[in-house]
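Report on one structure; see the data block that follows.
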Amino acid sequence: MNQKEVIFFRRLLNRRMRDLLSEAGKTVEGMDEEENFPDPTDRASLESNRDFTLRIRERERKLIFKIQEALERLDEG
């Protein structure tokens with residue numbers, strides 16, 4: 001890989017990691033909001049949505065780790 005390609009991929013990976021970290025922060029803020037639904041169906045729907053969001057964030061966390069590994073490999077050449 002030439003230097004131009006290394007710079008391109010480094011920027012791409014850093015941008016993607018920054019976006020993922022930003023989204024993770026928004027999720028944490030959204031989880032702090034306590035919502036009280038008297039209807040059990042509404043509560044179940046909220047819990048299902050939260051669970052789905054957390055699963056997505058877990059996958060993104062793994063992706064962040066892989067991005068960090070790729071950046072390290074770029075540093076090593």
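I need the full set of residues from segment 67-77 which are out of contact with any helix residue (DSSP H, G or I) (no Cβ under 8 Å at 6 or more places or on another chain) and either assigned to a helix (DSSP H, G or I) or touching a residue at least 24 places away in the same chain (Cβ under 8 Å) (or both), in order please.
69, 72, 73, 75, 76
Identify the single condition in (1) assigned to a helix (DSSP H, G or I); (2) surrounded by fewer than 13 Cβ atoms within 10 Å (Cβ to Cβ) that residue 64 does not satisfy, given that it satisfies every other one.
(2)
Is there any pair linking a residue in segment 33-62 that is within 24 Å of residue 23 (Cα to Cα) to one that is of a type in the set (Ser, Thr, Tyr), with Cβ under 8 Å and at least six apart or on different chains, and which?
Every condition considered, the pairs that remain are 53/27; 54/27; 57/27.
If you take the residues in segment 1-40 that are of a type in the set (Val, Ile, Thr) and at pLDDT 90 or above, which one is surrounded by the fewest Cβ atoms within 10 Å (Cβ to Cβ)?
Restricting to residues being of a type in the set (Val, Ile, Thr) and at pLDDT 90 or above, the top hit is 7.
The values are calculated or read from the model by the stated rules, or taken from the named source; none is laboratory data. Model, not experiment: these values are computed from the prediction. A quick note on method: Cβ atoms are made from the backbone with ideal geometry, for glycine too, and the neighbour counts reach across all protein chains shown.
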